[in-house]
Amino acid sequence: MKFTEIQREIEGFLGFGEVDFLKLKEDAISLVYKVKFLSKTIEKQPIIVKVDLHDNGSLVSEANSLIYLFEFTKLPVPKVIKSSQKILAMSFIAGSTGTQNDVSAEIDLAVHLSALHNQTATYFGFDFSTPLGGISQVNSKVDRWISFFGENRLLAIAELAIRTNRISLQTLRKIEKLIVKLEELITEPEKPNLFHGDIWSGNIIVAEGKIAGFIDPAISFAHRELELALINLFNTAGKHFWKAYHERYPIEQGFWEERCEIYQLHPLLVHAALFGGHYSEAVSEQLKQIGF
């Protein structure tokens, strides 16, 4: 689709012409624009407009996730202005992405995430599937974390990676063996934890030493250790975050030594299913690290 066609579609969706477009992001999944209204009679603040290039409903889940976080948590997220199957308009949050070794921002990140993780439910999963990097994650509600993680996070993504020829059948068989052994390798949490689901530097907006916003959520009630493992894998935050988080919500013994590498297999599988290449190799290496 040409830019002028997208522009007209967005203008029709918003109900206004006379807008200025600044492209912020373009990939195989979506387009993201910062839109400024030129007319003095319309909203003066810019907004963010996201366009789903595949029209597969992922923006519906993203909008619902943002609405849930906005209404039921204190996590700073964009406010949904208008949404459809293909287009999502939300408030603009000023700032830069990533904590960038900012001590104050890292501590604030710990404050926000420890509070979010303390929100709980009677089940693991969520009311709807949530997108992660263009993959729709199954969130069927279950009583036990280990079965949820094995079936909905490892096996489901591994089977997708097989269908996209990103991992080998041998790798899938190793993952299946790992899932059988999960009862011996990871633990059931005391309670399900609400988590953002995709905390990396590009999804954190920082302004003046504080977290101004979290974007692109993939929420569910899960085990917070999965979120912490992802943060560690992509080096999203440093020692000040870990110290402040542990002080507010102590990380259980054995996470770093035994469980972190197992949980990191999930984001690596997601990246392998989407991109292949060195991520597929990373999945194989991670399996070797944990003894499979």
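What is the residue count in region 118-137 for residues that are open to solvent by 30 Å² or more (accessible area, probe 1.4 Å), within 15 Å of the chain's Cα centre (by Cα) and not hydrophobic (A, V, I, L, M, F, W, C)? Full working, then the answer.
Initial filter on region 118-137 (open to solvent by 30 Å² or more (accessible area, probe 1.4 Å)): 118-120, 122-123, 127-129, 133-134, 136.
Subset that is within 15 Å of the chain's Cα centre (by Cα): 128-129, 133-134, 136.
Now restrict to residues that are not hydrophobic (A, V, I, L, M, F, W, C): 129, 133-134, 136.
Of the residues in that region, 4 qualify.
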Review point. Looking at Lys191, is it of a type in the set (Lys, Arg), open to solvent by 40 Å² or more (accessible area, probe 1.4 Å), more than 24 Å from Arg166 (Cα to Cα) and part of a loop (DSSP other than H, G, I, E, B)?
Key: yes
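Counting only residues that are among the aliphatic types (A, V, I, L, M) and under 24 Å from Phe255 (Cβ atoms), which one in region 169-187 is surrounded by the fewest Cβ atoms within 10 Å (Cβ to Cβ)? Please lay out each step first, then the result.
Looking only at region 169-187, we keep the residues that are among the aliphatic types (A, V, I, L, M), and these are 169, 172, 175, 178-180, 182, 185-186.
Remaining after also requiring under 24 Å from Phe255 (Cβ atoms): 175, 178-180, 182, 185-186.
Details: Ile175: 23, Leu178: 20, Ile179: 19, Val180: 9, Leu182: 16, Leu185: 15, Ile186: 21.
Out of the qualifying residues, it is Val180.
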Practice item. All but one of (1) free of Cβ contacts under 8 Å to residues at least 40 places away in the same chain; (2) farther than 21 Å from Ala282 by Cα hold for Arg163, so report the exception by its number. Key: (2)
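Restricting to region 86-137, and then to whatever is part of a loop (DSSP other than H, G, I, E, B) and aliphatic (A, V, I, L, M), can you tell me which residue is nearest to Leu230 (Cα to Cα)? Before the answer, list the steps.
First, the residues of region 86-137 that are part of a loop (DSSP other than H, G, I, E, B): 86, 92-95, 98-102, 118-123, 126-129, 133-134.
Narrowing the set further to residues that are aliphatic (A, V, I, L, M) leaves 93-94, 121.
Details: Ile93: 24, Ala94: 25, Ala121: 22 Å.
Filtering first and then ranking leaves Ala121.
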Review point. Among the listed residues Gly197, Gly213, which satisfies the condition of being at pLDDT 95 or above, part of a loop (DSSP other than H, G, I, E, B) and under 30 Å from Ile47 (Cα atoms)?
Key: Gly197
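Could we say that Phe214 is touching a residue at least 60 places away in the same chain (Cβ under 8 Å), within 16 Å of Arg153 (Cα to Cα) and under 14 Å from the mean Cα position of the chain (by Cα) here?
No.
With the structure loaded, tell me whether Ile47 is touching a His at 6+ places or on another chain (Cβ under 9 Å), at pLDDT below 95, surrounded by 15 or more Cβ atoms within 10 Å (Cβ to Cβ) and over 17 Å from Phe214 (Cβ atoms) or whether it fails that test. Write out each step before concluding.
Details: touching a His at 6+ places or on another chain (Cβ under 9 Å): no; at pLDDT below 95: yes; surrounded by 15 or more Cβ atoms within 10 Å (Cβ to Cβ): yes; over 17 Å from Phe214 (Cβ atoms): yes.
Answer is no for this residue.
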Review point. In region 106-115, is there at least one residue being modelled with pLDDT under 95 and not β-branched (Val, Ile, Thr)?
Key: no
Review point. Taking region 87-101 on its own, how many of its residues are in contact with a His (Cβ under 9 Å, 6 or more places away or on another chain) and open to solvent by 10 Å² or more (accessible area, probe 1.4 Å)?
Key: 1
Review point. Conditions: (1) surrounded by fewer than 20 Cβ atoms within 10 Å (Cβ to Cβ); (2) not in a loop (DSSP other than H, G, I, E, B). Ser140 meets all but one. Number of the miss?
Key: (2)
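Results for (1) within 21 Å of Ile186 (Cβ to Cβ); (2) within 19 Å of the chain's Cα centre (by Cα); (3) surrounded by 14 or more Cβ atoms within 10 Å (Cβ to Cβ), shown as yes or no for each residue.
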position	(1), (2), (3)
His223	yes, yes, yes
Glu227	yes, yes, yes
Ile231	yes, yes, yes
Lys239	no, no, no
Ile262	yes, yes, yes
Ala273	no, yes, yes
Review point. Taking Tyr245 and the conditions (1) closer than 22 Å to Thr130 by Cβ; (2) open to solvent by less than 10 Å² (accessible area, probe 1.4 Å); (3) under 21 Å from the mean Cα position of the chain (by Cα), which numbered condition does it fall short on, given that it satisfies the others?
Key: (1)
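From Leu155, Leu160, Leu169, which residue is more than 21 Å from the chain's Cα centre (by Cα) and closer than 16 Å to Ala273 by Cα?
When all the criteria are applied, what remains is Leu169.
The values are calculated or read from the model by the stated rules, or taken from the named source; none is laboratory data. These figures come from a predicted structure and were not determined experimentally. A quick note on method: Cβ atoms are made from the backbone with ideal geometry, for glycine too, and the neighbour counts reach across all protein chains shown. We work out accessible area using only protein heavy atoms, side chains counted, and drop any ligands, DNA or RNA first. Shrake-Rupley method; radii C 1.70, N 1.55, O 1.52, S 1.80 Å.
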